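Structure first, then comments.
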Amino acid sequence: MKKVAGFFLFQCMTLCTLHAQNNVADSLKRDSIWRANMKAIQQESQADHKKMLELLHIDSLRPGPSGDPEAPNAANVDESKATTYTSLPDPLVLKNGEKVTDAKTWWEKRRPEIVEDFDREVYGRVPQEVPKVTWEVKSVTSEAVGDIPVVTKKLVGHVDNSAYPSINVDIDLTLTTPANVTTPVPVIVEFGFIFPPGFRMPASPPGAPKELSWQQQVLAKGYGYAILIPTSFQADNGAGLTKGIIGLVNKGQSRKPDDWGTLRAWAWGASRAIDYFETDKAVDAKRIAIEGLSRYGKAAIVAMAYEPRIAIGFIGSSGAGGAKILRRTFGEQVENLASSAEYHWFAGNFIKYAGPLTPNDLPVDAHELVALCAPRPIFISVGSPKVEGNWIDGKGLFLGGLYAGPVYKLLGKKDLGTDTMPPIETGLTDGDIAFRQHAGGHTTGPNWPTFLSFAERYWK
Ligand code: GCU
């Protein structure tokens, strides 16, 4: 598949219109409304992006490469050309040049330095005052998932908008826990995509073995799961930056260059979900894992880095802006992330690294994001380059985990255990940083069993 990730949502939407409509006229009408909406969002995002460039005094940006391997400007996928940048920061050296050799210096000096760099230059700062969220249980349903009886709660987190009533923000969350269990259970929170009305996943080919869904696998371990819908409280585009939780705090105004981007806003939502779990007797809020794929894989690792209550992370195909070393010239580049299609995930300041600065000038890189998760267990997941494509850069993700190893070791934990990237379907799961490349595409699907065995080591 060509630039699988790039067109993921677009394809879902298109598929949706193909599958869902019985009435062709209706379908065409919906399709054209959807296209018009997309166009308006794109134009508004471009205008906001331009405004940010002006704030940063940037005249032009280097364009990113294409995710289409056939394009003349295709992203590099030749490993011998991947390491053009040479300034990878050392997570265990303070800004003053001193080496960090004890946990106390990590926690008190070096970690805060790294957090400040990520805040200012990469993901943006969460405002000092973010309005309070009040959780409401909308419904409680007893049902079955596969043959497992469960209780599903539909929840809405109402954000206090009294300071700016014209923006209303609600967080959409669903919690499913096994019924007939009297003790609180661990919960795996997934950042969930929402599909348009009528969307149906393409059916499995006839005769394909029936596999348990990830939800069934989670329940079979005795855990619960929750689905948090990031776009319910912060849209996935630049046009949305003056709305949602970011826009509410800014009272409808545009962002400053170090204001939070969408990834941190999504991560903030995960923290609010955990606030709720702490009040629900069905949940053991000390055993919360986070999982996400692609842009939500980025959100998952950002959430884990900043939220100490997240005990375990399952970081799916997070690529650039996630666990992949940004200094690698392979697959998606900083220049792509800084474009008007993706800059909203980050602080405005991040755009500078696509011109005039370069990725070599970044004060931090992805291994330090992994290091912020230490000493908590983290599982880095990716698909096969043959099926998923090279845009995500599996090797770059592996290196993100590898170079975080010294911090885990300093804190008395185990690193990946090798500096050699393992073959496909060979998990490295003996340490507290785990890595596995499955044989499938742009999904965490085939890695669920390995992830759950990894989690079970901690959640016996
Ligand atoms: C695009 C984008 C990636 C992102 C992916 C997705 O491919 O370039 O950074 O991870 O979309 O979220 O599907």
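The values are calculated or read from the model by the stated rules, or taken from the named source; none is laboratory data. Quick caveat, the model's predicted, so the values are computed rather than measured. Here Cβ is always computed from backbone atoms with ideal geometry, including for glycine, and neighbour counts include all displayed protein chains. SASA here: full protein model, heavy atoms, side chains in, ligands and nucleic acids out. Shrake-Rupley method; radii C 1.70, N 1.55, O 1.52, S 1.80 Å.
Quick check on my link table: of LYS298/LYS409; LYS39/LYS153; LYS286/LYS395, which ones sit more than 30 Å apart, alpha carbon to alpha carbon? Over 30 Å Cα-Cα: LYS39/LYS153; LYS286/LYS395. Spin-label pair ARG125-ASP258: with each label point 7 Å from Cα along the Cα-Cβ axis, the two points sit 0.5 nm from one another.
Taking the Cα centre of the chain as origin and assigning +1 to Lys and Arg Cβ atoms and -1 to Asp and Glu Cβ atoms, the resulting dipole is close to 340 debye.
Can you send over the carbon and sulfur percentage of the accessible area for the chain, probe radius 1.4 Å, protein chains only? With neighbouring chains kept in place, the figure for the chain is 55 percent.
Considering all C-alpha pairs of the range 77-186, those separated by over 20 Å amount to 70%.
A Förster radius of 25 Å combined with the Cβ-Cβ distance from ILE424 to GLU211 puts the calculated FRET efficiency at roughly 0.85.
Each peptide in 116-126, 380-390 gets a packing score, the mean of other Cβ atoms within 10 Å over its residues, and the list from highest to lowest is 380-390, 116-126. From the square roots a ≥ b ≥ c of the eigenvalues of the alpha-carbon gyration tensor of the chain, which class results: rounded (a/c under 1.5), prolate (a/b over b/c), or oblate? In terms of gyration-tensor shape, rounded. Apply the a/c threshold of 1.5 to the C-alpha gyration tensor of the range 135-195 and tell me whether it is rounded, prolate or oblate. Prolate.
Per residue, how many Å² of accessible area does the range 339-460 show with a 1.4 Å probe? Heavy-atom accessible area per residue stands at 32 Å².
Using θ = phi - 60° and the Karplus curve 6.51 cos²θ - 1.76 cosθ + 1.60, what whole-Hz ³J(HN,Hα) does each residue of the range 158-164 get, with Gly and Pro shown as x? Computed from phi, the couplings for the range 158-164 are 7, 8, 5, 10, 4, 6, 7 Hz. When each of the peptides 394-403, 418-427 is scored by the mean number of other C-beta atoms lying within 10 Å of its residues, the order from highest to lowest reads 394-403, 418-427. Accessible surface area normalised per residue over the range 190-288 is 43 Å², counting heavy atoms of protein chains with a 1.4 Å rolling probe.
Name the shape class, rounded, prolate or oblate, that the alpha-carbon gyration tensor gives for the range 142-268, where a ≥ b ≥ c are the square roots of its eigenvalues, rounded holds for a/c under 1.5, and otherwise prolate holds if a/b is larger than b/c and oblate otherwise. Cα axes put the range 142-268 in the prolate bin.
Annotation: peptides 131-143, 297-309, 80-92, ranked by per-residue average of other Cβ atoms within 10 Å with the highest first, follow the order 297-309, 80-92, 131-143.
Solvent exposure of the range 81-172, expressed per residue, is 58 Å² of accessible area, with all protein chains present and a 1.4 angstrom probe.
Modelled label positions at SER453 and VAL181, each set 7 Å beyond Cα in the direction of Cβ, lie 2.1 nm from each other.
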